[in-house]
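These notes are about the structure you will find just below.
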Amino acid sequence: AQSVAQPEDQVNVAEGNPLTVKCTYSVSGNPYLFWYVQYPNRGLQFLLKYITGDNLVKGSYGFEAEFNKSQTSFHLKKPSALVSDSALYFCAVRDEMDSNYQLIWGAGTKLIIKP
Amino acid sequence: DSGVTQTPKHLITATGQRVTLRCSPRSGDLSVYWYQQSLDQGLQFLIQYYNGEERAKGNILERFSAQQFPDLHSELNLSSLELGDSALYFCASSVWSGGAMETQYFGPGTRLLVL
């Protein structure tokens, strides 16, 4: 069965430091991977997605994510964190073998950037 | 702004009551998805409609129902409300029927409080 894990409920980073939010997945076929961000009292905003090709995907707000097939991971990264990056981050995956193409969501990781 | 609109933003009601949440997808999008986000359960997929027809069902209670109208807006009906139904309800839309590479775009959500 397809699944997504975000192993950290919360990540704390000092402003200006690099940040990583982890995501691992399990699917039968090739994965299609997504990152979304949810700011307080707002809806989810699409950040980036991996479909195929270059393992490093660049997205909105300076975020990027690295697809690693051997480790079945799709970690979200940013070289220099901003206080305004503090939010809830969700990873999601679709399995190309799933005829319904359902999007499977991780539980979310709260990112706190301290000044 | 994703282009997905939801009304109302907030809703306060009593147990046993019935409410209707409304969603208008992005212009040109044919699919609408409904999600429930509660504090302890993360993001739960409820149901998907594509061009007026039910396409996929997730963890939707029998007390809940949805429909998509010819103008592609969608309504989520919640009846016999219980305290545990208090949550954020999100609508998302996508262009087609949820293909593997499709991105879902989320509305701002409706916050439901059942007293």
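Since every read-out is calculated from the coordinates, none of them should be taken as a lab result. What you are looking at is a predicted structure, and each value in this text was computed from that prediction instead of being measured. Every residue, glycine among them, receives a Cβ derived from its backbone with ideal geometry; neighbour counts consider all protein chains shown.
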So how many Å³ per residue does the convex hull of the Cα atoms of the stretch B:17-115 work out to?
92 Å³
Extension gain, A:Ile112 back to A:Asp9 (0.36 nm per residue minus Cα-Cα distance, nm):
36.0 nm
Quick one, what does Rg over Rh come out to for the protein assembly as shown if you take C-alpha atoms and the Kirkwood Rh?
0.97
Skipping prolines and chain starts, which residues have an amide H placed within reach, meaning under 5 Å, of the one on B:Ala66, given they are 5 or more residues away or on another chain?
B:Asn77
Net charge dipole size for the protein assembly as shown [Lys, Arg +1 and Asp, Glu -1 on Cβ; Debye, nearest 20]
380 debye
For the stretch A:1-93, which trypsin sites (Lys or Arg not before Pro) are both in a DSSP coil and crowded by at most 11 other Cβ atoms within 10 Å?
A:Lys69
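Please identify every one of the GluC sites (Glu not before Pro) in the stretch B:33-106 that sits in a loop by DSSP and has no more than 10 other beta carbons within 10 Å of its own beta carbon.
Listed in order of number, the matching sites are B:Glu62.
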Cα-based Debye curve of chain A sampled at q = 0.11, 0.15, 0.19, 0.21 Å⁻¹ gives log₁₀ I(q)/I(0) of -0.33, -0.60, -0.94, -1.13
Rank A:Gln2, A:Pro18, A:Leu82 by how far each Cα sits towards the positive end of the charge dipole of chain A (+1 on Lys, Arg Cβ; -1 on Asp, Glu Cβ) and give me just the farthest.
A:Leu82
Hey, what do the phi angles of the stretch A:42-47 turn into as Karplus ³J(HN,Hα) couplings, whole Hz, using 6.51/-1.76/1.60 and θ = phi - 60°, x for Gly and Pro?
10, x, 6, 10, 5, 9
Once phi is turned into ³J(HN,Hα) by the Karplus curve 6.51 cos²θ - 1.76 cosθ + 1.60 with θ = phi - 60°, what whole-Hz value does each residue of the stretch B:30-37 show in order, with x for glycine and proline?
9, 9, 10, 10, 10, 10, 10, 10
Considering only C-alpha atoms, what is the centroid distance from the stretch A:49-75 to the stretch B:100-115, in Å?
24 Å
